[in-house]
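The values are calculated or read from the model by the stated rules, or taken from the named source; none is laboratory data. This structure is a prediction, so every number in the text was calculated from the model and none was measured. No Cβ is skipped: glycine too gets one built from the backbone with ideal geometry, and neighbour counts run over all protein chains shown.
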Amino acid sequence: MTVKGLITAMVTPMRNGSIDEEAVRGLVERLIQKGVNGIFILGTNGEFHVLSREEKVKLAAMVVEYADCRVPVYAGSGGNSTQEVIELSQALQQTGITALSVITPFLVPLSQQELLQHYEAVADAVNIPIILYNIPKNTGNNIEPQTAAALACHDNIVGIKDSSGNIEQIKQYIELTREMEFAVLSGSDSLILKALKLGAQGAVAATSNLLTDIDVAIIRYFEQGKLAEAQMMQEKIEPLRKVLKLGSIPSVLKATMNMAGIAAGECRKPIIMPNEAVLAEIREMLQYYVQEGEM
């Protein structure tokens, strides 16, 4: 399969502690109408780590139904136990998702050989494509470029989302897999354009939950060769990125979406929503986008 373009790392809308089906439907529709190239659920911003297996499968089925084959749906199936990941991956496959995104195991540092065997076992157990998900600052485990290149030889492993923030590592992924059918995606919103210039096929961006038009435009302008315009769009997401650092993921993003009229609800505990001081900064930031004509 071809993995490319702007893929939204979608939040999981909640209400009263449960998944808000109506808000999920509304968000999926909004993203598709604004031109995203895919929807990625059950990632870090999707709060995969605080959802039960049943909730994950339910959400995946929901998003597949609402997307209605208009865009690919990628679902996170990561965990710490290889067997656990296999079982969740197989359950998610049954919902009709397009591909899986598998984060590295976390908490315990693993060798590259252990990561290699983990991913190969998962890929052997399913019949749909897998995108590796590398976010070492959160997991404590980094998929080295040579490991990614080795995994790219597996028929079911078709790409990697790299959220390391290390542009040199993204460059190495691209160089080592250039002759393979393997997509390198920037998972760091600040590096979308830089990664594209190096040869990345796209990005998985959390900021596109809110700034969908801007994130889509970064890639569209790049593909059209309008690099100055692409750079301008890249810089436009910085006010939001700055504010997102004021709370635990995805509390500030959800609060910002709520304030902008996009139903996202609250986060699941232990994450708490922003206090009044942070909300004031969010309001100021949103006013900037209103003045820029982006809201």
Restricting region 62-77 to residues that are in contact (Cβ under 8 Å) with a residue 12 or more places away in the chain and in a helix (DSSP H, G or I), the residue that is farthest from residue 2 (Cα to Cα): 62
Residue match in region 140-158 (condition: at pLDDT 95 or above, under 14 Å from the mean Cα position of the chain (by Cα) and of a type outside the set (Phe, Trp, Tyr)): no
Conditions (1) in contact with a strand residue (DSSP E or B) (Cβ under 6 Å, 6 or more places away or on another chain); (2) within 30 Å of residue 286 (Cβ to Cβ): number failed by residue 214: (1)
Yes/no for residue 203 being in a strand (DSSP E or B), modelled with pLDDT of 95 or more and either charged (D, E, K, R) or touching a helix residue (DSSP H, G or I) at 6+ places or on another chain (Cβ under 6 Å) (or both): yes
Test set (1) crowded, with 18+ Cβ neighbours inside 10 Å; (2) more than 17 Å from residue 265 (Cβ to Cβ); (3) in contact (Cβ under 8 Å) with a residue 40 or more places away in the chain; (4) over 17 Å from the mean Cα position of the chain (by Cα) - residue 38 fails condition number: (4)
Of all residues in region 244-275 being in contact (Cβ under 8 Å) with a residue 40 or more places away in the chain and assigned to a helix (DSSP H, G or I), the one that is surrounded by the fewest Cβ atoms within 10 Å (Cβ to Cβ): 257
Failed criterion for residue 162 (all others in (1) more than 17 Å from residue 39 (Cα to Cα); (2) of a type in the set (D, E, K, R); (3) touching a strand residue (DSSP E or B) at 6+ places or on another chain (Cβ under 8 Å) hold): (1)
Residue match in region 33-42 (condition: over 18 Å from residue 159 (Cβ atoms), at pLDDT below 95, assigned to a loop (DSSP other than H, G, I, E, B) and not aromatic (Phe, Trp, Tyr)): no
Cβ-Cβ under 7 Å pairs, at least 6 apart or on other chains, region 214-240 side assigned to a loop (DSSP other than H, G, I, E, B), far side at pLDDT 95 or above and of a type in the set (Ser, Thr, Tyr): 237/207
Condition met for residue 240 (touching a Leu at 6+ places or on another chain (Cβ under 8 Å) and closer than 20 Å to residue 283 by Cβ): yes
Within region 1-25, considering residues that are buried (at least 16 other Cβ atoms within 10 Å of the Cβ) and among the small types (Gly, Ala, Ser), the one nearest to residue 71 (Cα to Cα): 5
Elements of type strands (runs of 3 or more DSSP E) in region 82-199, at least 3 residues being of a type outside the set (Gly, Ala, Ser), crowded, with 23+ Cβ neighbours inside 10 Å and touching a residue at least 12 places away in the same chain (Cβ under 8 Å): 99-103, 130-134, 157-162
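Yes/no per residue for (1) among the charged types (D, E, K, R); (2) assigned to a strand (DSSP E or B); (3) over 12 Å from the mean Cα position of the chain (by Cα):
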| site | (1), (2), (3) |
| --- | --- |
| 11 | no, no, no |
| 22 | yes, no, yes |
| 29 | yes, no, yes |
| 49 | no, no, yes |
| 59 | no, no, yes |
